[in-house]
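Enquirer: Got a structure for you, written out below as structure tokens; questions coming shortly.
The values are calculated or read from the model by the stated rules, or taken from the named source; none is laboratory data. Here the structure is a predicted model, which means the values were calculated and not measured. Note that we place each Cβ from the backbone using ideal geometry, even for glycine, and neighbour counts take in every protein chain shown. Note: accessible area is taken over every heavy atom of the protein model, side chains too, but ligands, DNA and RNA are not part of it. Shrake-Rupley method; radii C 1.70, N 1.55, O 1.52, S 1.80 Å.
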Amino acid sequence: MDRIRISGGRRLNGSIPISGAKNATLPLMIASLLTEDTLVLDNVPRLADVNLLQRILGNHGVDVMVGGKRLGETAYEGQTLHISAARIVDLTAPYELVSRMRASFWVIAPLVARMGEARVSMPGGCAIGTRPVDLLIMALQRLGAKIEIDGGYVVASARDGLKGAEIDFPKVTVSGTHTALMAASLARGTTVIRNAAREPEIKDVADCLNKMGARINGAGTAEIVVEGVARLGGARHRVVPDRIETGTYAMAVAMTGGDVMLENARAELLQAALDVLAKAGLEYNETNRGLRVARNGGPLASVDVSTAPFPGFPTDLQAQFMALMSRADGTSRITETIFENRFMHVQELARLGARIHLEGETATVEGVERLKGAPVMATDLRASVSLVIAALAAEGETMVNRVYHLDRGFERLEDKLAACGAAIERIAG
Ligand code: UD1
């Protein structure tokens, strides 16, 4: 297993290209199941999760062609995928695949909407608390799908097609909203989705579905109206920039000091996080190239944060922010309201000298003057990148073990940071 070695203490200066969003790419790839025509996705990040989903879709009979390099292109540009689900040959998503990536459960929606049937393994345990699928199932049932649980599989059927309905989510769910949107696009009649997730990735997927011929209004707000259509066609779509990657590098710069241009990043995708970072001492301004972030001298101020669905502070930046606050002046309280148990980074940060006290869903972080390098273990995607951020400011050497979590969600993290002056290298193992 690969490891990453970091020697802390260097400022970051230069530019970092922000990749396409993982959390938009995955549902966009899944949406290809809705049509027999080809869906072309540009700006797709090179990530382990994208490769895995490619395999999962391949099992249903989907062909994915990865476009070659074009003249004038740099290695930093995302890839182009040509995805064709012309003939779906298998309606089952098996346990071995779904258990490795939760989002692959979402194939249930396009499969039942287009083919009238789907058999998808329940995702099973996950390192960050219980992440149920009851609301996804509720949405499909509202649209007229019959649901049975059989041997650990969710079997959804709608032989005569799905029917438009009113779907009221009792809590905001990204997965539920994606599922409802995809299924309702091919349902007969009108669907109204209330208390919908407003994440930019929902809007991105809805924009792509509309290019494919869907009639979706209101994506990005809490109420989405979908007029079902009989069939969807091909389209070409560019994946929205990754706001979590953007926020992560902004925090890395806040941590080390320096001045970095986050190419292609857009402030409106993470305004809540930028507001918090500005209070902590980060300067930022938006240009036509992207988002420039800088911190030049001065201590970090401590800020209290509570995670919330978009447009609030994202849970996917909570671990990174905790790493940042571990070096701030004073004490900050960080509350996680989306996922239980999303605090696995606390113990590892403590190994670097962070002082964090956990009580229920709130972590109290007492800023310390210095962190010290140590061997640490990455436990999930966001936790592992928080360790990298802490290590960039720690004295001496930190070895981050088990970095395959990082590769699931961050494209060439060590190259991007090294190009800005960080002493970071991957050790193949
Ligand atoms: C997505 C993101 C993930 C992010 C999360 C919250 C992707 C691939 N993943 O995950 O990175 O951290 O949104 O922004 O886009 N819930 C239920 N029942 C359900 C579904 C969800 O109770 O059927 C609960 C979850 O346990 C959680 C909350 O709703 O407490 C939010 O989950 P959800 O928004 O669905 O997250 P994901 O789509 O899994």
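Enquirer: Using the structure shown, list the pairs from 22/203; 146/203; 22/372 with a Cα-Cα distance above 22 Å, or answer none.
Expert: Checking Cα-Cα distances, 146/203; 22/372 exceed 22 Å.
Enquirer: Could you state the number of Å between the C-alpha centres of segment 21-73 and segment 76-115?
Expert: After rounding, the separation between the Cα centres reads 10 Å.
Enquirer: Helix 200-211 versus the longest principal axis of the chain: what angle, 0 to 90°, nearest 10, using Cα atoms?
Expert: Value to nearest ten degrees: 30.
Enquirer: Next question, about the same structure. Quick one: compute the contact order of segment 129-259, relative version, from alpha carbon pairs under 8 angstrom and 6+ residues apart, as a percent.
Expert: Relative contact order for segment 129-259 comes out at 20 percent.
Enquirer: Turning to a different aspect of this structure: Could you give me the percent of Cα pairs per 10 Å distance bin for the chain, shortest bin first, beginning at zero and ending with the bin that holds the maximum distance?
Expert: Once binned at 10 Å, the Cα pair distances of the chain give 5, 22, 31, 24, 14, 4, 0.
Enquirer: Can I ask one more? Roughly how tilted is helix 381-393, in degrees to the nearest 10 and between 0 and 90, from the longest Cα axis of the chain?
Expert: Helix 381-393 sits roughly 20 degrees off the main axis of the chain.
Enquirer: At 7 Å along the Cα-to-beta-carbon direction for both residue 117 and residue 275, put a label point, then send me their distance in nm to one decimal.
Expert: 5.0 nm
Enquirer: Per the 1.4 Å probe, what fraction of the accessible area of the chain, in percent, lies on carbon and sulfur atoms?
Expert: Taking all protein chains in place, the chain shows 46 percent carbon and sulfur surface.
Enquirer: From zero outward in steps of 10 Å, how is the percent of C-alpha pairs of segment 383-429 spread across the bins?
Expert: That works out to 24, 65, 10, in percent per bin.
Enquirer: Next question, about the same structure. How large is ³J(HN,Hα), in whole Hz, for each residue of segment 157-164 in order, when computed from phi with the Karplus curve 6.51 cos²θ - 1.76 cosθ + 1.60 and θ = phi - 60°, using x for Gly and Pro?
Expert: So the J values, rounded to whole Hz, are 9, 7, 4, 9, x, 8, 10, x.
Enquirer: Would you please put 146-159, 88-101, 378-391 in order of how densely packed they are, using the mean number of other Cβ atoms within 10 angstrom per residue and starting with the highest?
Expert: With the highest mean Cβ count within 10 Å placed first, the list reads 378-391, 88-101, 146-159.
Enquirer: Per DSSP helix of 4 or more residues, -39500 (n - 2.57); summed, then divided by the residues of the chain. What does that give at 222 nm, rounded to the nearest 500? Write out the running numbers ahead of the final one.
Expert: Values: 14 runs with 132 residues, N = 429.
So the helix-based figure for the chain works out to -9000 deg cm²/dmol.
Enquirer: Also, I was wondering about something else. Quick one: dipole size for segment 166-252, taken about the Cα centre, charges +1 on Lys/Arg Cβ and -1 on Asp/Glu Cβ, in debye to the nearest 20. Mind showing how you got there, number by number?
Expert: Details: 11 positive and 10 negative charges, 56 e Å.
Approximately 260 debye in magnitude.
Enquirer: For the chain, calculate the relative contact order in percent as a whole number, restricting contacts to Cα pairs under 8 Å that are 6 or more residues apart.
Expert: Values: 1063 pairs, mean separation 91.6, N = 429.
So the answer I get is 21 percent.
Enquirer: I've got another one for you. Only Lys, Arg, Asp and Glu count, each charged at its Cβ (+1, +1, -1, -1), so figure out the dipole size of the chain about its Cα centre, rounded to 20 debye.
Expert: Details: 48 positive and 49 negative charges, 85 e Å.
The calculated dipole for the chain is roughly 400 debye.
Enquirer: Then there is this: Take residue 301 and residue 63, extend 7 Å from each Cα along the Cα→Cβ direction, and tell me the distance between the two endpoints in nm.
Expert: Inter-label distance under the simple model: 5.8 nm.
Enquirer: For a test of the definition: using alpha carbon positions, the gyration tensor, and the 1.5 limit on a/c, classify segment 274-429 as rounded, prolate or oblate. Each step should come with its number before you reach the end.
Expert: Values: a/c = 1.27, a/b = 1.08, b/c = 1.18.
Cα axes put segment 274-429 in the rounded bin.
Enquirer: If you stretched the chain out fully between residue 82 and residue 358, how much longer would it get, using 0.36 nm times the residue separation minus the C-alpha to C-alpha distance? Before the final figure, lay out the partial values.
Expert: Values: separation 276, 0.36 × 276 = 99.36 nm, distance 4.61 nm.
Answer, rounded to one decimal: 94.7 nm.
Enquirer: Given contacts defined as C-alpha pairs under 8 Å and at least six residues apart, what's the relative contact order of segment 256-322, whole-number percent? All intermediate terms of the calculation are to be shown ahead of the outcome.
Expert: Details: 85 pairs, mean separation 23.4, N = 67.
Value for segment 256-322: 35 percent.
Enquirer: Oh, and also: Show me the three semi-axes of the equivalent ellipsoid for segment 230-311, from the C-alpha gyration tensor (sqrt of 5 times each eigenvalue), largest first, rounded to whole Å.
Expert: Square roots of five times the eigenvalues give 30, 16, 9 Å.
Enquirer: Hey, another quick one. Given a 1.4 Å probe, how much area per residue of the chain is accessible, in Å²?
Expert: Values: 16800 Å² over 429 residues.
With all protein chains present, the chain gives 39 Å² per residue.
Enquirer: What's the angle, to the nearest 10 degrees (0 to 90), between helix 48-60's Cα axis and the longest principal axis of the chain?
Expert: Helix 48-60 and the main axis of the chain meet at about 10 degrees.
Enquirer: Summing +1 for each Lys or Arg and -1 for each Asp or Glu, what net charge is found among the other residues whose Cβ lies under 12 Å from the Cβ of residue 192? Let's see the in-between values first.
Expert: Values: positive: 142, 194; negative: 166, 168, 223, 227.
For residues surrounding residue 192, the net value is -2.
Enquirer: Obtain the nm distance between the two label points defined at residue 347 and residue 149 by a simple spin-label model: each point lies 7 Å from its Cα along the Cα-to-C-beta direction.
Expert: 2.9 nm
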